[in-house]
Structure formats: structure tokens, C-alpha cells
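One structure is given here, and the rest of the page talks about it.
The values are calculated or read from the model by the stated rules, or taken from the named source; none is laboratory data. Quantities reported herein were computed from a predicted structural model and do not represent experimental measurements. Note: ideal-geometry Cβ built from the backbone for every residue, glycine included; neighbour counts use all protein chains shown.
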């Protein structure tokens with residue numbers, strides 16, 4: 001029951017993991033996108049033999065290397081935290097979660113580390129084509145490494161291809177391909193990768209714009225802007241498509257997250273999309289009650305667009321937050337209270353099985369209970385709501401209260417989603433405008449636009465973090481959707497230990513970020529090396 005949970009420990013553990021993940025995500029997207037941009041630039045060098053392409057490639061490669069090193073350091077810490085702070089989670093799903101992480105380790109440490117060494121230190125030591133191959137394999141390796149992390153995360157959002165084994169009380173994989181190729185995993189990978197491409201394109205355009213402002217490296221800046229604009233524009237189009245697919249998947253597998261993204265309290269047909277809105281001070285899940293509704297101080301809506309976004313049909317009914325909590329029989333939506341009761345039945349059956357195994361492991365009662373967990377009807381009606389049972393209370397009124405706690409932070413999810421979408425639209429417009437102006441040789445006269453591009457780089461970081469917030473905060477209180485709430489996943493250690501390591505990590509990460517930013521800025525100010533002797537390229 002909730003009364004037995006140390007929420008101070010849960011909150012500090014969540015805070016520590018969020019701190020690590022968000023710092024890690026400062027570096028990864030740029031690495032994913034910049035790798036392909038510099039690989040294409042080197043392809044142009046090999047194809048044309050123009051030494052200027054080599055200078056350009058080596059410059060962006062230097063910035064890639066700085067960013068890559070910090071990303072690896074924070075990523076290692078992140079994986080260790082699964083064992084130190086989230087051991088209950090690791091034990092519960094280790095048979096599933098461990099496989100993608102193991103493959104990711106193989107990809108990262110064998111493919112990436114091998115070819116990244118050739119890429120950085122192989123200039124003029126191996127043939128042009130071999131070096132180019134190493135650069136492309138480094139880029140592909142970074143993406144393949146990301147695949148497995150995102151597959152694992154997608155499974156947490158939509159646990160498929162698994163079976164709950166009552167004898168071990170763990171989830172076990174039944175189909176690797178169902179986990180790997182689930183619609184959630186495919187959408188998450190493509191959407192996340194292309195968001196990194198967009199981020200890298202913004203970074204390249206911003207840095208190149210700074211050179212034009214300073215009247216330096218005109219050829220590098222213009223060539224880089226052309227490549228980044230095309231790369232970013234194509235990536236933006238893919239990003240829109242995968243965003244639409246992801247929304248349709250979320251409404252099926254995580255309807256509460258979808259409702260929170262739009263602060264939709266009352267379900268409705270022809271549901272409008274809030275293109276822009278400001279929530280009132282009282283709009284928060286802590287104040288949610290049977291009579292509450294989304295309190296907007298101001299909003300601009302697009303009629304029927306949310307229904308179309310969710311189902312491809314403007315006339316479809318979209319469930320609101322209150323539908324999901326209180327249930328809607330007409331729409332076939334179970335209430336959270338009913339799911340809690342059903343989940344409790346599954347947990348009761350598990351506890352009964354454990355007791356039977358202690359007293360008579362081969363007896364009829366134990367056999368009957370084992371068979372119960374293989375019964376499709378019991379699985380569909382009870383086991384799939386297993387995690388809801390953690391919110392059970394003998395008092396029916398308390399169950400009602402607990403149901404209202406199972407709503408993610410509405411304001412944070414709503415604003416993060418809309419910031420992400422609005423910035424994505426801004427970036428797409430920027431790519432199109434920069435490509436148009438640079439092709440007409442009119443960009444260098446637009447100093448205001450060049451400065452705008454420089455200051456768009458921080459906005460790209462904000463967009464990346466907003467997407468992470470939507471994905472992870474929006475699914476609360478679940479660490480594994482419907483199966484394991486976050487409060488049950490933490491390691492039972494002293495909260496003081498978690499607090500201490502939180503502040504230690506914060507100091508280290510802030511130090512790393514400041515160091516990385518200073519090194520990056522210094523290298524950008526220094527710029528690429530002087531032009532090389534054409535006879536030595």
C-alpha cells in the first residue's frame with residue numbers, strides 16, 4: 001500500500017536518475033546528427049579531391065570528438081544507476097531489459113570504438129576510402145548503439161513480447177522480435193534519431209552563422225549551411241511523420257499521457273487541439289477532483305484536430321483525464337478503481353502461489369495457481385493490470401483517492417509537449433529560409449538572421465529536453481506501463497546516500513558541462529586549421 005512507501009527515497013532516486021539522464025541527453029543528440037553531417041562532408045572530399053572539404057570535415061570532427069567523450073562518460077554512469085538505485089526494476093525485468101543493453105555495449109565498445117580511432121587518427125595513415133568507410137561506420141555505429149537503448153525504453157512504455165512468470169515473479173521475454181520491432185520501438189527510434197539530426201543541423205548552422213558575422217571562414221560557413229539546411233529540412237519532414245505515428249501509438253498504449261499532453265480533462269468527439277495555451281495556477285494533478293477541469297487562462301484551438309491526430313478521424317472520441325480515472329462505460333473505458341481491484345486480484349493470486357510453494361510446492365493448490373497465470377482470460381482481465389494493484393487499499397474511498405494520484409504532472413507534460421512542437425516548427429522554417437538565402441548568396445547581409453541562428457542553438461537544447469520530459473514524466477507513475485509503478489522500482493537504501501550522490505553527481509556534471517562548453521567555444525573561436533598544402537592531402 002502507498003502508506004508503506006518511502007516517497008522521500010523514491011523522489012530523490014527519481015531526481016538523481018533524471019539529473020543523469022538529462023545531462024547525458026545534452027550530448028547524445030548532437031553526436032548522432034553531427035556524425036552523418038561530417039561523413040557526408042568527407043564523402044565530398046573523397047569524391048572531388050578538394051582539400052577544403054577535408055578542412056571542413058576535420059573541423060566538425062573535432063567538435064564531434066569533444067561532445068562524444070562527455071556523452072560516453074555520462075552514459076556509463078546512467079547504466080550503473082540501474083543496479084545501484086533501481087535494483088528492484090532490474091530484477092523484475094532483467095531478462096528483457098538486459099538483452100538490449102548487452103547488445104548496445106557490444107555495438108558501442110566494439111564497432112564505435114574501433115572505427116572512431118581510425119576516424120580520428122587515421123588521416124594520411126590509411127587510404128582515403130578506408131578512412132571514409134571508418135567515418136561512416138562510426139556514424140552508423142552511433143545510431144545502432146542508440147537503437148538498443150531506445151528499444152529498451154520503448155518496452156518500458158509499451159511492454160510487449162513478454163510473459164509474467166509467477167514462479168519467479170519476473171517478466172520474461174517470449175519474442176525478441178516483438179520487443180525489437182514493436183510499433184512503439186520503431187517510432188521511438190526514428191523520431192529520436194531524426195530529432196538528433198535536426199539538433200545537429202541547428203548547431204552547424206548556428207556556428208557557421210557566427211563565422212559569417214565575424215567575417216571569417218566564408219567558404220566553410222556557406223558549404224556547412226547548405227549541407228545542414230538540406231539535412232535538417234529532410235530530417236524535419238521525417239520528424240513530423242514519426243511524431244504523428246507516435247501520437248497515434250501513445251493514444252492506444254498510454255492514453256493518460258496523451259490526455260496530459262493536451263491537458264484534456266473532459267473526453268469528447270471532434271476534440272480540438274490546443275495549438276497554444278497558458279494553464280491556470282490550479283491546473284495540476286494534485287488538485288484534480290471529480291469536478292475539476294483544465295483551467296486555461298488563454299488558448300488557441302484547432303477544431304477537431306486532436307481527434308484527427310489521435311485516430312486519423314476528426315469525429316472520433318478522445319478520452320480525457322477524468323474518463324480514464326472514473327471510467328466511461330459508453331466508450332468501453334475501465335475506471336482506475338476497477339483496474340486497481342483487478343491488479344490486486346493478480347497480486348493476491350501471486351502471494352497465494354508463493355505461500356503454496358512454501359508449504360506444498362508440488363501440491364494441487366500450487367498447480368492450480370500456476371495454471372491460473374497461464375489462463376488467457378485471467379491474464380487479460382487481471383495480470384495486465386498487475387501494477388495497479390500497488391495502489392490498492394481495503395477502504396473503497398481510499399482506492400478512489402489513490403486513483404487520482406495516478407496522473408502525471410499535467411502542467412509539465414503540457415508545456416514540454418507544446419514547446420517541443422513549436423520549436424520543431426521554428427527549426428523547419430529556419431532550415432528553409434537559410435537554404436533559400438544561401439543559394440541566392442544573400443545570407444551574409446542578414447546579420448539579424450545570423451544572430452538569430454546563433455541563439456537558436458540553446459533553443460535546440462530546450463527542444464531536446466522537452467521531448468525527454470514528455471516521454472518520461474508523461475508516463476508517471478509508471479516505470480513500466482501498467483506493470484510496475486516507479487515507487488516499487490527503487491532500491492531500498494538510505495535516502496541520505498541517494499541525496500549525497502545526487503549532489504556529488506550534480507557538481508561533477510555541472511563541472512563537465514562547463515568544461516565541455518568552454519572547450520567547444522574555444523575550438524570554435526580558433527576555427528579550422530589553416531589550409532593544407534594541396535600536395536599533402
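Data table
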| read-out | value |
| --- | --- |
| Hits in region 158-191 - residues which are out of contact with any helix residue (DSSP H, G or I) (no Cβ under 6 Å at 6 or more places or on another chain) and assigned to a helix (DSSP H, G or I) | 176, 177, 178, 186 |
| Of all residues making up region 478-515, the number that are farther than 16 Å from residue 91 by Cα and in a loop (DSSP other than H, G, I, E, B) | 3 |
| Exclusive hit being crowded, with 18+ Cβ neighbours inside 10 Å and part of a helix (DSSP H, G or I), set 144, 132 | 132 |
| Among the residues listed as 12, 53, the single one being farther than 30 Å from residue 228 by Cα and buried (at least 17 other Cβ atoms within 10 Å of the Cβ) | 12 |
| Verdict on residue 378 being buried (at least 16 other Cβ atoms within 10 Å of the Cβ) and in contact (Cβ under 8 Å) with a residue 40 or more places away in the chain | no |
| Test: residue in region 247-256 that is over 30 Å from residue 301 (Cβ atoms), crowded, with 17+ Cβ neighbours inside 10 Å and in contact (Cβ under 8 Å) with a residue 24 or more places away in the chain | no |
| Those helices (runs of 4 or more DSSP H) lying entirely in region 362-448 with at least 3 residues within 29 Å of residue 465 (Cα to Cα) | 410-439 |
| Sole residue being touching a residue at least 40 places away in the same chain (Cβ under 8 Å) and either crowded, with 21+ Cβ neighbours inside 10 Å or under 27 Å from the mean Cα position of the chain (by Cα) (or both), chosen from 106, 116 | 116 |
| Boolean, residue 438 is buried (at least 20 other Cβ atoms within 10 Å of the Cβ) and either over 28 Å from residue 88 (Cα atoms) or at pLDDT below 90 (or both) | yes |
